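The values are calculated or read from the model by the stated rules, or taken from the named source; none is laboratory data. In this text the structure is predicted, and so the values were computed from the model without any measurement. A quick note on method: Cβ atoms are made from the backbone with ideal geometry, for glycine too, and the neighbour counts reach across all protein chains shown.
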Amino acid sequence: MQCINCKGNHSALDKNCPHYIKEIKVLEYKARHHVTTGEARRILNQRTNTNLATIVKSNTCTSDLENTLTTKMEALFQKMQEKIDQQMAAMLTMFEKTFDFLQKILQMFSGAESQSSSPNRKKVAHKSHLVNMNISNLRKTLDKGGTTASA
């Protein structure tokens, strides 16, 4: 009696047939990794074709690749940090210009209200002057790089 699958000297239903054992491995791989039967066969066939020499050869260049990638990532990080610093400087400049503009507007309003003869308006002008002083103090604190307790 000859096996139709492997041409061996046993029955085609024999559980020791190499072809049967290979099919069992394919079905196990398929079930564990949720792939199709064809994909499982292809993956298992690729595994059997690789030997220790090819694996060792392929692993020697990983440290060189790691070093190259690390160097490139550090350079990329440095460039990103420079761009972030540039953007922060530009935003700080815009903030300062806006702050100066708002301060000028407050000064204009306080000057216009102080010319009024109404006592109520004079109180408001005095409050605006206090606000203007607080803004000046805030700006001095920010220029020094500090923070304020009220902010």
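Looking at Lys79 and the list (1) modelled with pLDDT of 95 or more; (2) on the phi > 0 side of the Ramachandran plot, which single condition is not satisfied?
Checking Lys79 against (1) modelled with pLDDT of 95 or more; (2) on the phi > 0 side of the Ramachandran plot, the one that fails is (2).
Being at pLDDT 90 or above and of a type in the set (Ser, Thr, Tyr) is the filter; apply it to the range 30-51 and report the residue that is surrounded by the most Cβ atoms within 10 Å (Cβ to Cβ).
Thr37
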